[in-house]
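Here the structure is laid out as structure tokens; the discussion comes afterwards.
The values are calculated or read from the model by the stated rules, or taken from the named source; none is laboratory data. What you see is a predicted model; the values in this text were computed from it and never measured. All Cβ positions, even for glycine, are placed from backbone atoms using ideal geometry, and neighbour counts span all protein chains on display.
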Amino acid sequence: MASTDNTLANRILVGLTIGVVAGIATLGLGRLYPASLTFMQQVSTNFFDPFGQVFLRMLFFVVIPLVFASLASGILQLGRLDKLGPLAGRTFALFFANMAIAVTLGLLMMDLVNPGSQLSAATKDQLMAEYGGVAQRHVATSAGQQGLTLASIVDMFMPRNLFGAVSGQNRGMLGEVLPLILFALLVGAVGTQLAPERRRKLQEALDVVNELMTGIVHLALRLAPYAVPAMIYSVVVKTGMEIILALGLFVLGCLAVMILHLFGVMSLWLKLFTRRKPRQFFRDIRSVLITAFSTSSSSATMAASLACARETLKTSPSTTGFVIPLGATVNMSGTALYEGCVVLFVAQVFGVDLGVGQQLTLLVLAVLSAVAVAGIPGGSLPLIAGLLATFGVPPEGLGIILGADRILDMARTTVNVGCDLVTTVIVDEQVNPTSDRPA
């Protein structure tokens with residue numbers, strides 16, 4: 001599976017390169033023969049854009065069922081929260097603190113670097129006119145609304161008509177994701193109180209939905225090596241080199257903040273909560289980080305993480321067996337960071353201003369949706385599309401970052417796995433304070 005995923009990712013990268021090079025060549029030719037650029041812009045609008053939409057719409061199809069089934073199933077798998085004890089309490093507190101800090105760093109970086117500022121106002125207007133559609137009217141409507149109040153928060157999460165809000169007002173827009181998230185959490189929480197047999201049936205039903213939606217994502221990803229170059233070519237010939245510069249700045253910013261979180265924030269955690277030396281710790285887990293980076297899969301790296309925690313880090317089997325497998329599903333700090341950055345970047349590209357209140361909401365939703373991400377390449381894309389729609393940003397903006405997703409996927413998986421191991425040693429020292437461990 002890993003080799004197949006690597007092959008697909010490599011094909012997407014090759015496709016991205018072809019699309020960018022072809023777009024730049026078309027721009028160069030357009031300086032000599034303006035009619036050729038006009039012709040290729042029309043070809044992009046009439047052929048490349050619809051083809052790219054087939055890929056994107058397949059991802060949009062699964063947003064609603066995937067968000068619901070993933071979140072409800074995740075809560076259901078936890079069992080009785082009141083019986084999990086201090087081990088679970090410390091673990092989940094560290095998981096969510098870790099993800100919240102990661103998203104905060106990502107949003108701060110995006111606000112400071114502001115890669116979307118590389119685009120001129122005219123280019124942003126052109127992008128919004130080209131891809132915005134219904135979402136553009138959504139933005140115009142939301143711009144005139146008042147700031148967050150208690151009443152507006154209740155209305156955002158608990159509309160009178162749940163299914164009407166989730167289904168969307170018409171066939172051209174995604175529905176609201178906030179009420180869906182709350183409803184999924186409620187279903188999962190109440191499901192834990194069912195009789196064992198009924199709880200098992202509910203779990204199986206949700207797992208079937210997850211498998212079906214994951215299968216559709218796999219089908220969509222088969223089109224990615226062809227859809228990505230078509231979409232990026234179309235964007236380049238219509239907006240020029242500005243979008244390439246903005247995307248490059250976005251990638252460098254994301255990589256920098258991921259490195260900061262893993263080796264900066266986690267080193268601080270090790271100093272504050274354990275007796276371990278950060279430099280030696282990261283030297284001990286180096287092989288696991290390399291495995292995570294090369295496979296882009298927390299699940300594929302789990303065996304290496306378990307072995308490293310038990311044999312090298314000398315954590316207790318009970319702590320290791322609980323934290324590592326759970327972290328591979330729940331502790332997705334790199335993914336949460338990435339989701340927040342993508343939403344803010346695409347918003348900047350389209351000229352959509354997300355204020356402090358909206359960014360705080362984005363922080364919470366990025367953490368929740370990261371927990372619900374399916375453990376497959378591209379698994380976060382449908383959830384990011386839902387987040388974009390939630391904030392009135394055209395989900396089609398996903399097409400801009402798809403080609404660069406591979407290197408960022410490798411980096412965020414490394415962050416996810418590294419933070420799992422840091423959490424493991426912290427929890428182990430708190431639950432078993434008298435055990436002997438390496439410094």
- [ ] Among the residues of segment 182-213, write down those that are closer than 23 Å to I64 by Cβ, of a type in the set (G, A, S) and loosely packed, with under 14 Cβ neighbours inside 10 Å.
- [x] A205
Task: Which listed residue is part of a helix (DSSP H, G or I), in contact with a Ser or Thr (Cβ under 7 Å, 6 or more places away or on another chain) and not acidic (D, E), from H218, H261 - done: H261
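One line per residue, one yes/no per condition, for (1) in contact with a strand residue (DSSP E or B) (Cβ under 6 Å, 6 or more places away or on another chain); (2) farther than 23 Å from P382 by Cα; (3) buried (at least 19 other Cβ atoms within 10 Å of the Cβ):
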position	(1), (2), (3)
G215	no, no, no
A220	no, no, yes
Y226	no, no, no
P229	no, no, yes
Y233	no, no, yes
K238	no, yes, yes
M241	no, yes, no
I244	no, yes, no
A256	no, yes, no
TODO: Filter segment 9-44 down to residues that are closer than 25 Å to V217 by Cα and not β-branched (V, I, T) and give me whichever is surrounded by the fewest Cβ atoms within 10 Å (Cβ to Cβ).
DONE: N10
Open item on the list: Looking at (1) over 24 Å from the mean Cα position of the chain (by Cα); (2) closer than 21 Å to C419 by Cβ; (3) surrounded by fewer than 16 Cβ atoms within 10 Å (Cβ to Cβ), which one does F282 not meet, given that it meets all the others?
Closed with: (3)
Open item on the list: Against the conditions (1) modelled with pLDDT of 80 or more; (2) in a helix (DSSP H, G or I); (3) surrounded by 24 or more Cβ atoms within 10 Å (Cβ to Cβ); (4) not aliphatic (A, V, I, L, M), where does Q358 fall short? Just the number, please.
Closed with: (3)
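Per-residue answers, yes or no, for (1) part of a helix (DSSP H, G or I); (2) modelled with pLDDT under 80; (3) over 24 Å from the mean Cα position of the chain (by Cα):
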residue	(1), (2), (3)
V235	yes, yes, no
I243	yes, yes, no
V265	yes, no, no
L270	yes, no, yes
P325	yes, yes, no
TODO: Could you please tell me which pairs satisfy a Cβ distance under 7 Å, a separation of 6+ or placement on different chains, a first residue in segment 295-314 that is outside any helix (DSSP H, G or I), and a second residue that is modelled with pLDDT under 75 and surrounded by 18 or more Cβ atoms within 10 Å (Cβ to Cβ)?
DONE: S296/D5; S296/P377
Open item on the list: Please count how many residues of segment 370-401 are over 10 Å from the mean Cα position of the chain (by Cα), within 18 Å of A224 (Cα to Cα) and at pLDDT 70 or above.
Closed with: 7
Open item on the list: Anything in segment 65-95 that is closer than 30 Å to L221 by Cα, surrounded by fewer than 21 Cβ atoms within 10 Å (Cβ to Cβ) and either of a type in the set (G, A, S) or at pLDDT 75 or above (or both)? List them, or say none.
Closed with: P65, G74
Open item on the list: Return the pair list, or none, for Cβ contacts closer than 8 Å from residues in segment 45-58 that are surrounded by fewer than 19 Cβ atoms within 10 Å (Cβ to Cβ) to residues that are modelled with pLDDT of 80 or more and among the polar types (S, T, N, Q), at least 6 apart or on different chains.
Closed with: T45/S234
TODO: Please tell me if L289 is part of a helix (DSSP H, G or I), closer than 30 Å to T7 by Cβ and touching a His at 6+ places or on another chain (Cβ under 7 Å).
DONE: no
